[in-house]
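I have placed the structure first, in the form of structure tokens, so that the comments after it can refer back to it.
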Amino acid sequence: MKKKFKKIGIGVVIIISLFVSVGYQSNFFEIAKQIDIYTTLFKELNMHYVDEVNPAKLTNNAIDNMLKNLDPYTRYYDEQGVEDARINAMGEFGGIGVGATYKNKTIIIKNIIKNSPAQKANLKLGDKILKINNMQVKDFDKEGVLSLLNGLPNTEIKLQIERQNKTFDISLTREKITINPVPYYTMVTKTIGYISFTKFNQKAASEVKKAMLDLKDQGMQQLILDVRNNPGGLLNEAVKISNFFIPKDKIVVTTKAKTVKWSETFKTNREPIDIKIPLVILVNNHSASASEIVAGSLQDYDRAVIIGTRSFGKGLVQRYRKLPYGTQMKLTIAKYYTPSGRCIQELDYTNRDDKGNVPKFSDAGRLTFKTEHNRTVFGGGGIQPDVTLDKAKLTKTTKLLFNSEAFFNYVTQYFYHHKSIKKPKQFKLNTTDFQNLISFLKTHQKEFKSETEKILLKVKKQVKKDNLNINLSKSYNQVLTTIYNGKIKELTKDKMAIIEKLEEEIIQRYYYNEGVFEHKTKYDITIAKAVSVLNNPKQYQKILE
């Protein structure tokens with residue numbers, strides 16, 4: 001019982017800490033009242049509820065439900081979550097070098113880092129992990145079992161693997177795994193360099209700098225910096241990278257917070273690498289946060305041409321705050337503003353409607369600001385590119401396909417049916433490959449269910465549950481066939497986009513992430529547009545003037 005009350009105490013302390021963190025600006029009596037209600041309710045539950053309760057789980061649920069009504073970035077982390085957050089920021093951890101998901105009581109390998117223990121041991125995407133050190137994976141929950149894969153470098157880990165319906169055991173030695181935020185860079189022409197940049201961890205600035213200097217040694221005179229699908233990360237790394245291209249003592253970003261000490265202005269504090277090199281930054285709707293700081297600040301100083309589609313629009317700043325017993329929270333403490341004074345936050349979490357829908361700031365119209373050369377730029381709703389490329393509007397069915405097990409499993413089947421493929425710059429699929437995917441989907445419909453099919457299945461089960469003497473089999477199958485034909489018709493509209501996605505997923509199986517970026521440097525239309533702009537100095541200057 002003492003142990004149980006200790007857990008309750010931990011939960012109550014966390015809740016009190018959360019309330020007190022905002023208490024300075026709120027009515028003290030109201031806070032004290034709500035804390036009293038919560039602790040009394042918790043005590044009554046623990047003492048009198050008919051079955052055993054899990055105090056830690058109840059507290060975690062209470063915290064999560066409270067925070068989710070604020071914004072997606074304000075979060076509570078237990079001890080394991082704190083470690084995961086540290087690893088994410090550091091870009092280093094001890095492990096075997098896999099990305100995995102936990103589904104149907106099985107771990108499925110979805111990504112493998114090149115030169116990691118997993119790659120050296122010949123593990124493959126699609127492999128299922130059934131046991132970890134003789135412990136059955138099915139006996140654990142998602143968070144607990146995935147954390148077992150990591151550990152101190154130079155420690156052994158034994159796995160039982162299922163591959164293509166065959167099972168075998170394997171031993172690996174964990175190593176220090178480093179996540180390189182620059183997975184690929186190259187010269188795309190004799191004078192134009194390209195850097196793919198995927199994450200703002202603690203190695204971001206140093207790796208971008210290393211790539212830049214290497215490309216300069218290879219003759220680079222113009223640069224493409226690709227931050228598409230880069231979700232951001234550490235703000236100070238964004239300031240350092242912006243500093244590579246603009247002089248010392250220039251404002252990069254300003255944060256405005258409720259707490260005065262967290263309202264800061266971040267300036268460049270070092271001599272730049274190159275303030276004259278023609279620069280293009282590629283963005284899309286998944287470029288967020290620190291990516292938008294770099295793109296936005298260099299756009300405001302007319303230092304780079306931004307090409308692509310409008311960025312995500314995350315103008316909120318988070319900071320970690322320590323809580324008792326090794327836990328912590330990450331909370332939104334400020335909004336950030338680019339040098340021209342614009343905040344690019346898109347979603348207005350404060351003013352949800354009665355149904356919980358979050359409005360967009362850009363729906364009310366976007367405010368205009370001026371760059372250093374008096375060009376017009378926009379606030380609210382992300383970074384608007386200087387050269388906007390039309391984004392392919394995929395059907396809902398295509399989006400469903402890309403996130404389905406069917407798509408992943410088809411690529412796995414392709415991998416085992418083809419011992420090798422051409423190098424990334426030569427690898428291309430065609431209409432026949434698209435038809436092969438469609439044929440695969442016909443025999444794997446359970447892995448590619450639409451919401452309509454899920455609802456229909458529920459209806460069928462409910463009919464049986466209600467003991468209605470109705471034979472729905474024939475009608476049910478007819479409806480399923482009609483729905484399937486409709487899905488295929490929708491997929492055909494996006495045939496070229498699906499082929500392109502297939503190419504990337506297949507290349508990753510053979511050549512890892514580096515191969516995907518190598519493929520893009522030849523076939524990606526956004527990179528091609530950037531090369532075109534950089535090869536036309538008059539057009540480049542006209543955009544910036």
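Every number here is computed from the coordinates shown, using simple stated rules; none is lab data. Keep in mind the model is a prediction, meaning the values are calculated, not measured. Because the Cβ atoms are built from the backbone with ideal geometry, glycine has one as well, and the counts that use them run over all protein chains shown.
Placing unit charges on the Cβ atoms of the charged side chains and taking the dipole of region 184-391 about its Cα centre, the candidate lying farthest along the positive direction among Asn269, Ile293, Thr376 is Asn269. Beta bridges assigned by DSSP with both partners in the chain are antiparallel in approximately 75 percent of cases. For the cross-link pairs Lys250/Lys520; Lys131/Lys314; Lys110/Lys360; Lys330/Lys487; Lys396/Lys458, the ones whose C-alpha atoms lie over 29 Å apart are Lys250/Lys520; Lys131/Lys314; Lys110/Lys360; Lys330/Lys487. Proximity of backbone amide H atoms, modeled 1.01 Å from N, is registered between Ile177 and Phe93, Gly94, Gly95 at under 5 Å, excluding neighbours fewer than 5 places apart on the same chain.
Each part reduced to its alpha carbon centroid, region 100-140 and region 468-545 end up 27 Å apart. Listed by chain and number, the aspartates and glutamates placed with their C-alpha closer than 13 angstrom to that of Lys322 are Asp78, Glu79, Glu83; residues fewer than eight positions away on the same chain are left out. Sequentially through region 67-80, phi angles give Karplus couplings (6.51, -1.76, 1.60; θ = phi - 60°) of 6, 5, 7, 9, 7, x, 9, 8, 9, 9, 10, 6, 4, 5 Hz, Gly and Pro residues having no value and appearing as x.
Taking only C-alpha pairs under 8 Å that are 6+ residues apart, what is the relative contact order of region 112-230 in percent?
19 percent
Which entries in Lys399/Lys460; Lys446/Lys489; Lys240/Lys425; Lys120/Lys419; Lys128/Lys422 show an alpha-carbon gap greater than 22 Å? Cα-Cα > 22 Å for Lys399/Lys460; Lys240/Lys425; Lys128/Lys422; rest within.
Got the relative contact order for the chain handy, in percent, Cα pairs under 8 Å and 6 or more residues apart? Provide the component values of the computation, followed by the final result.
Details: 913 pairs, mean separation 58.4, N = 545.
Normalised by residue count, the contact order of the chain is 11 percent.
In summary, the aspartates and glutamates within cross-link reach of Lys176, defined as a Cα separation below 12 angstrom excluding same-chain residues under 8 places away, comprise Glu92.
Among the trypsin sites (Lys or Arg not before Pro) within region 396-440, those in coil by DSSP and having at most 11 neighbouring Cβ atoms inside 10 Å are Lys419, Lys422. Computed from backbone phi, the HN-Hα couplings of region 506-523 come to 5, 4, 4, 5, 9, 10, 6, 4, 4, x, 5, 5, 4, 4, 4, 4, 9, 10 Hz, rounded to whole numbers (Karplus: 6.51 cos²θ - 1.76 cosθ + 1.60, θ = phi - 60°; Gly and Pro given as x). Distance from the Cα centroid of region 329-403 to that of region 159-215 is 29 Å (rounded to whole angstrom). A straight Cα-to-Cα reach below 18 Å connects Lys538 with the lysines Lys276, Lys529, residues fewer than 8 places away in its own chain not being considered.
Working note: Karplus 6.51/-1.76/1.60 with θ = phi - 60° gives region 94-103 the couplings x, x, 10, x, 10, x, 9, 10, 10, 9 Hz, where Gly and Pro are set to x.
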